[in-house]
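A.B. asks: I have a structure here, written as structure tokens, and I will follow up with some questions on it.
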Amino acid sequence: MMLSRQEQQSMKNTSNNASGRASLRIFMDFDATLTRKDTCTLIPQLAIAKHASNIELLQSWKNISSSFMEKYEKSLNDGKHLNNFSQFLDGLDRAELFGVTGVENQQVLKGISKDDLKSLIFKFNSELAVNCETMFDLICNIGENCKNNRIELCILSSNWSLDVIESFLIEKVQPLVNKKLRLRPINRLASNEEPVWSTEHSCFPNIYIYSNDLRFDENNLTDGTFLTKQCVTSMDKLMSLRHHLFLSRDTSRSVYIGDSFNDMRCILETNGVFYFPPERHHHILEYCSKFGIPVQILQENNFRISSQTPTVAHDWKEITKAIENELMN
């Protein structure tokens, strides 16, 4: 297999700096995992607000949303008659791709500025997930006091805008940790010649980000299409996770934390954590039971990333304490 220059350089950087590796890599979903509520579905409202008189645009968004939900619900129902969990997720993936393709074909997201996207979190009062600050406290404390237990953080998000993610991290997380974050977006579909990962820049406050992103025209407004669609489906997310592990020649422990069916392939890949706040209704446990996938409730003192069973957590405090125990044992 012929390696790209990016991959060759990454291998060189990895071998030259192996001693500086993080001892734990945390892969994390963004919407409704890191954030309290979903932000992605708010993006079309920015375009609709800018073109309030465009009844056709509003109707297009309503039609796309309705058709997507119809396909998604059908995939959920079809899953009750399948025997293979991967096939079930394939059906949900097709629904996700259908929705994004419809948004792009109808140019629902056209005419949004970068400033619009960056201010979305203020316009809609987006906040960090409840008690998620405990995780960032741990990451900072570990980095400062336990040099042998440094943590690498990588966000894998199906959000449509990198600007929304970066703005949230800078405005909501950076003041919390009192450190300047160094955000490092990666487009695994691009043929970059420069290395995108190195041990030197692997640990927090560096944060790697894999997401979709919108394309901008010469006036710095979105043209209605996507610059990259690398994280639309659960399979896309899994490919992004594997891409990151490949670039870094991973030897450290890894765990994925997410809240939806779109995260399930990554959770199963790493025997990770399904974040399931008690007030949120979800079908995942029902389907895991149907397909014979063992899932255990997170027990802080018994959590092991090497465990062969994904876990369910109801609170970020539980996740943080479990990972702290994992690092200290």
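A.B. asks: Classify segment 253-323 from the C-alpha gyration tensor, please: rounded if a/c falls under 1.5, else prolate or oblate depending on whether a/b exceeds b/c.
C.D. replies: Since a/c reaches 1.5 but b/c is at least a/b, the shape of segment 253-323 is classed as oblate.
A.B. asks: Along the charge dipole of segment 82-190, pointing to its positive end and built from +1/-1 on Cβ of Lys, Arg, Asp and Glu, which listed residue (Leu169, Gly91, Gly102) has its Cα farthest out?
C.D. replies: Leu169
A.B. asks: Sticking with this structure for a sec: Could you size up the charge dipole of segment 102-225 around its Cα centre, putting +1 on the beta carbon of Lys and Arg and -1 on that of Asp and Glu, and report it in debye to the nearest 20?
C.D. replies: Roughly 300 debye for segment 102-225.
A.B. asks: In nanometres, what is the gap between the two model label sites at Ala52 and Lys180, each 7 Å from Cα along Cα-to-Cβ?
C.D. replies: For Ala52 paired with Lys180, the spin-label model returns 4.0 nm.
A.B. asks: Next question, about the same structure. Along the charge dipole of segment 108-266, Cβ charges K/R +1 and D/E -1, which of Asn187, Ile112, Ser202 sits furthest on the positive end?
C.D. replies: Farthest towards the positive pole: Ser202.
A.B. asks: What's the extension gain from Gln107 to Leu189 if we count 0.36 nm per residue and subtract their Cα-Cα distance?
C.D. replies: This chain segment gains 27.3 nm when fully extended.
A.B. asks: If I take every Cα pair under 8 Å that is 6 or more residues apart in segment 251-324, average their sequence separation and divide by the length, what percent do I get for the relative contact order?
C.D. replies: Value for segment 251-324: 33 percent.
A.B. asks: Is the shape of segment 145-287 rounded, prolate or oblate, going by the alpha carbon gyration tensor and its root eigenvalues a ≥ b ≥ c, with a/c under 1.5 for rounded and a/b larger than b/c for prolate?
C.D. replies: Rounded.
A.B. asks: So, one more: How far is it, in nm, from the label point at His81 to the one at His281 when both lie 7 Å from their Cα along the line to the Cβ?
C.D. replies: Taking the simple label geometry, His81 and His281 are separated by 2.4 nm.
A.B. asks: I'd like the Karplus ³J(HN,Hα) series for segment 205-219: coefficients 6.51, -1.76, 1.60, θ = phi - 60°, whole numbers in Hz, and an x wherever there's a Gly or Pro.
C.D. replies: x, 6, 10, 7, 9, 10, 8, 7, 7, 8, 9, 10, 8, 5, 9
A.B. asks: Please list the non-local residues whose amide H lies under 5 Å from the amide H of Arg25, H modeled 1.01 Å from N, same-chain partners needing a gap of 5 or more.
C.D. replies: Result for Arg25 returns Glu152, Arg253, Ser254, Val255.
A.B. asks: Taking the Cα centre of the chain as origin and charging only Cβ (+1 Lys, Arg; -1 Asp, Glu), how large is the dipole, in debye to the nearest 20?
C.D. replies: About 520 debye.
A.B. asks: With an 8 Å cut-off on Cα pairs and a minimum separation of 6 or more residues, tell me the relative contact order of segment 125-225 in percent.
C.D. replies: The normalised contact order for segment 125-225 reaches 35 percent.
A.B. asks: Please return the longest stretch of the chain lacking exposed loop sites, where GluC sites (Glu not before Pro) count only if DSSP places them in a loop and at most 11 other Cβ atoms lie within 10 Å.
C.D. replies: 1-192
A.B. asks: Continuing with this model, one more query. Excluding same-chain residues fewer than 8 positions from Lys114, which lysines have a Cα within less than 23 Å of its Cα?
C.D. replies: The reachable lysines, counting only those whose Cα sits under 23 Å from Lys114, are Lys37, Lys50, Lys123, Lys172, Lys180, Lys229.
A.B. asks: While we're here: Which one, Thr41, Asn219, Phe276, projects farthest toward the positive side of the charge dipole computed for the chain from Cβ point charges (K/R +1, D/E -1)?
C.D. replies: Phe276
A.B. asks: Then there is this: Based solely on its DSSP helices, what 222 nm [θ] is calculated for the chain when runs of n ≥ 4 H residues each add -39,500 (n - 2.57) and the sum is averaged over all residues, nearest 500 deg cm²/dmol?
C.D. replies: The helix contribution divided over the chain gives -13000 deg cm²/dmol.
A.B. asks: With +1 assigned to the C-beta of every Lys and Arg and -1 to the C-beta of every Asp and Glu, and no other charges, what is the dipole magnitude of segment 167-256 about the Cα centre in debye, to the nearest 20?
C.D. replies: Around 500 debye, computed over segment 167-256.
A.B. asks: Who wins for biggest fluctuation among Pro185, Pro277, Pro175 in a Gaussian network model of the chain, springs between alpha carbons below 10 Å?
C.D. replies: Largest GNM mean-square fluctuation: Pro175.
A.B. asks: If you work out Rg/Rh (Cα atoms, Kirkwood Rh) from the coordinates, which of (1) 0.96; (2) 1.14; (3) 1.07 do you get?
C.D. replies: So the structure-derived entry is (1).
A.B. asks: I need the chymotrypsin sites (Phe, Trp or Tyr not before Pro) found in segment 268-329, filtered to DSSP loop residues with at most 12 other beta carbons within 10 Å of theirs.
C.D. replies: Here no loop site has a sparse enough neighbourhood.
A.B. asks: So for the pair Ile297, Asp90, with labels modelled 7 Å out along Cα→Cβ, what separation do we get in nm?
C.D. replies: Once both label points are built, they end up 3.5 nm from each other.
Bear in mind these aren't lab numbers, they're just calculated from the coordinates by the rules spelled out. Nothing here was measured: the structure is a model prediction, and the numbers come from that model. Counting neighbours? That spans all protein chains shown, and the Cβs are built from the backbone with ideal geometry, glycine included.
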